[in-house]
Amino acid sequence: MKKYINKILIITCFLILSAISLISCDTSGNVFKIDFFALDTYISVTAYDCDKSILAGLEELVRSYENKISVTNEDSQVSLFNRNKTATFDSDISSLLEKSLDACKKTQGYFDITVHPAVKKWGFFDDKLYVPTSSELKELTNKIDYKKITCNGEIYSTTSDCEIDLGGCAKGYIGDKCAEYLVEHNVTSAVINLGGNVKVLGKKTDNSKYNIAIESPDKYGYIAYISAEDTSIVTSGAYERNFADESGNIYHHIIDPFTAAPAQSDICSVSIICDDGTLADCLSTALYVMGSQKAIEFSNTHDNFGAIILMNDDTVFVSESIKNIVTLEDKYILYRES
Ligand code: ADP
Ligand code: MG
């Protein structure tokens, strides 16, 4: 099988431009940037009125979360839970677990942290594509169900066939934690980009809002620009990480929990804008799986987030509540409900 893996979605092009101009005019030199690879993606943080040691501490923080959450680390709290089917998590992971289980419920299972057996079977875990037979898919769908996770006091347990994977929400959560860390260190203006999961802290130092660009799926341009302050912008799309077989069939990493297969969505990408980065991450995955009709209906009936949904025909749905902060690129047509 031929393998292609694509990574990194959003580029904060305006941010980079503004950072460059700020660096060149800021004689006190208090703009700092750090780039590193973690969480299986490229991470970049630009912070103002900061210093190198604070950003080094932030990198440490990201790595410590990765160690606790990653399913590829067999000693992580999540891996231990998957092996032993029971665990007590530290307060960070139990808070992430609670938030993600809440999202599983609120999205009626379109977001489901128990997709791990399917992620493994399809080969997304070890980068070896395997296309399961229909009876294997049936077996997998029986394994996927977030309701199999129960909690008694501080002890979480599950059934013998169940395994969790917090990959669909971890970056959003870690982005929130990074912002909290920066605030604790008196940093009030920063952009944290965890491979397409963007957390914006405060405004730019000239008091204007950050302009965050959402990259188009072909990576040659942008879908939209968002004027942002103290919020999270998280994007999910099938083009982010996928395999193609020799016949050109594409298999991507966003699983439909009801079929245990890569979601057959008429959506190209979903960006969620929400103060809560964990929720934004859960919803970007869930709305992608829902497909455009359900995703638009879900957005129209919830007022705690905004969505930008690029459909395969280049029309773009933008939630009413964020229309004033979103500018679409000319080539895209604003979706209008009939
Ligand atoms: P990315 O991690 O590329 O930013 P997502 O946030 O959409 O993209 O998360 C995809 C990851 O989440 C997958 O790699 C898998 O680990 C997990 N996942 C896949 N499908 C689902 C789903 N329906 N619900 C919850 N998690 C999922
Ligand atoms: Mg997600």
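The values are calculated or read from the model by the stated rules, or taken from the named source; none is laboratory data. These numbers come from a predicted model, not from an experiment. Note that each Cβ is placed from the backbone with ideal geometry, even for glycine, and that neighbours are counted across all protein chains shown. Ligands, DNA and RNA are excluded from the accessible area calculation, which covers all protein heavy atoms including side chains. Shrake-Rupley method; radii C 1.70, N 1.55, O 1.52, S 1.80 Å.
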Number of positions in the range 170-188 that are assigned to a loop (DSSP other than H, G, I, E, B) and within 16 Å of Thr231 (Cβ to Cβ): 1
- prompt: Which one of Glu154, Glu180 is modelled with pLDDT under 95 and within 28 Å of Leu80 (Cβ to Cβ)?
  reply: Glu154
Residue count for the range 231-264, restricted to those that are of a type in the set (D, E, K, R) and either crowded, with 21+ Cβ neighbours inside 10 Å or within 15 Å of ligand 2 (Cβ to nearest atom) (or both): 3
- prompt: Which of the residues that make up the range 293-331 are open to solvent by less than 20 Å² (accessible area, probe 1.4 Å) and not hydrophobic (A, V, I, L, M, F, W, C)?
  reply: Ser299, Gly306, Ser319
- request: Only residues that are open to solvent by 10 Å² or more (accessible area, probe 1.4 Å), within 16 Å of ligand 2 (Cβ to nearest atom) and touching a Gly at 6+ places or on another chain (Cβ under 6 Å): list them for the range 170-196, please.
  value: Asp176
message: Can you tell me which condition Lys7 does not meet? The list is (1) surrounded by 13 or more Cβ atoms within 10 Å (Cβ to Cβ); (2) under 27 Å from Asp127 (Cα atoms); (3) modelled with pLDDT under 95, and all the others hold.
response: (1)
query: Of all the residues that make up the range 247-267, how many are away from ligand 1 (no atom under 13 Å from the Cβ) and in contact with a strand residue (DSSP E or B) (Cβ under 8 Å, 6 or more places away or on another chain)?
result: 2
message: Suppose we filter the range 217-241 for residues that are modelled with pLDDT of 95 or more, more than 18 Å from the chain's Cα centre (by Cα) and among the charged types (D, E, K, R); how many remain?
response: 1
message: I'd like to check something: does the range 124-145 contain any residue that is aliphatic (A, V, I, L, M), within 20 Å of Cys169 (Cβ to Cβ) and crowded, with 21+ Cβ neighbours inside 10 Å?
response: yes
task: For Leu334, state whether it is within 16 Å of ligand 1 (Cβ to nearest atom) and on the phi < 0 side of the Ramachandran plot.
output: no
- line: Restricting the range 197-225 to residues that are open to solvent by less than 50 Å² (accessible area, probe 1.4 Å) and not in a strand (DSSP E or B), the one farthest from ligand 1 (Cβ to nearest atom) turns out to be Ser208
query: Does Gly167 qualify as being within 11 Å of ligand 1 (Cβ to nearest atom) and open to solvent by less than 80 Å² (accessible area, probe 1.4 Å)?
result: yes
- prompt: Does the range 55-76 include one or more residues that are touching an Asp or Glu at 6+ places or on another chain (Cβ under 8 Å), open to solvent by less than 30 Å² (accessible area, probe 1.4 Å), of a type in the set (Phe, Trp, Tyr) and at pLDDT 95 or above?
  reply: yes
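For every residue, the table says whether it meets (1) away from ligand 1 (no atom under 14 Å from the Cβ); (2) among the hydrophobic types (A, V, I, L, M, F, W, C); (3) modelled with pLDDT of 95 or more.
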| position | (1), (2), (3) |
| --- | --- |
| Ile93 | yes, yes, yes |
| Glu98 | yes, no, yes |
| Phe111 | no, yes, yes |
| Val115 | no, yes, yes |
| Val131 | yes, yes, no |
| Leu137 | yes, yes, yes |
| Ile149 | no, yes, yes |
message: Could you list, ordered by first residue, the pairs with Cβ atoms under 6 Å in which the first is in the range 32-53 and under 14 Å from Val198 (Cβ atoms) and the second is open to solvent by 10 Å² or more (accessible area, probe 1.4 Å) and of a type in the set (Val, Ile, Thr), at least 6 apart or interchain?
response: Tyr42/Ile8; Val45/Ile34
